[in-house]
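Some notes on the structure that comes next.
The values are calculated or read from the model by the stated rules, or taken from the named source; none is laboratory data. All values derive from a computational prediction rather than experimental measurement. When we count neighbours, we look across all protein chains shown, and the Cβ atoms used for this are built from the backbone with ideal geometry, even at glycine.
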Amino acid sequence: MTRNEVRVLDSCRVVTTEGEIITSVGHLWLARSSKVNRGPRLSRVAGQGLIPGIHRAVSVGLPWEAENTRLAGWMAGVLDADGHAFAGGRHGSWVGFGQVDGAVLDLFLAECDRRGWVTKVTRREWTQRNTKPLAKNPRDFTDVRINGGMWESCRVLGTLRPERLFPVAARMWQGAVVGKTTGDVEIVRVEHIGQRPVSVITTDSHTYIADGLLCFGTTAPEAEPPASSRVTAATGPARPS
């Protein structure tokens, strides 16, 4: 982030199925269009130009906060001890861990379920994996991967904050391209609300995330932001310019 200042600008309220955000009428958002026959479905659309039923705002999901509970601390410890996090590449990004069958595995899966995190569970019998002299533990083993791609992996790491794996989250989304695991939300309505204080934000990448929605940073009037769907800036406040 290279600038963050408050200005009073002509604004509108954009209401989506996940909430609402106040933006200047000219602020550019990344949107998918449902009525495009040719060319890319992703485009930059000004706040006042978002049309319900045609545009959907590209979203990484609702913002998350670090969970400060005993169970969250325990889950972070499990990930730090037996987990792994992979950032980018042709196979995508993910968070997972391996564990022998038992109480630790059962509780971790139950807590993922309670938080709405979908898991892929692959069970490996001891006879199938005991092909090397070092594999001497005569117990079945389970690989767990949290589904949902890059943004869900960031959500898991950002919520639990495992000390060893947490730095991987930044490598997951910086420079990432909007892909199939990046969702969108329906535009319910756009209301003109006149002059309102909003945050004017610029970043070195010209992009950032505001309340889970992907948008472009403010530039000088004569400068156009790059036509890019790469996300390389930090999360912004609820009222972008």
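Points to keep in mind about this one:
- Unique residue being at pLDDT below 95, aliphatic (A, V, I, L, M) and touching an Asp or Glu at 6+ places or on another chain (Cβ under 6 Å) when the list is 54, 21: 21
- Evaluation of residue 74 against (1) within 20 Å of residue 199 (Cβ to Cβ); (2) over 18 Å from the mean Cα position of the chain (by Cα); (3) of a type outside the set (S, T, N, Q) (one fails), failing number: (1)
- Boolean, residue 56 is surrounded by 20 or more Cβ atoms within 10 Å (Cβ to Cβ), more than 23 Å from residue 114 (Cβ to Cβ), under 21 Å from the mean Cα position of the chain (by Cα) and not acidic (Asp, Glu): yes
- Taking the criterion of being surrounded by fewer than 16 Cβ atoms within 10 Å (Cβ to Cβ) and over 15 Å from residue 190 (Cβ atoms), the residues of region 5-32 that qualify are 5, 6, 7, 8.
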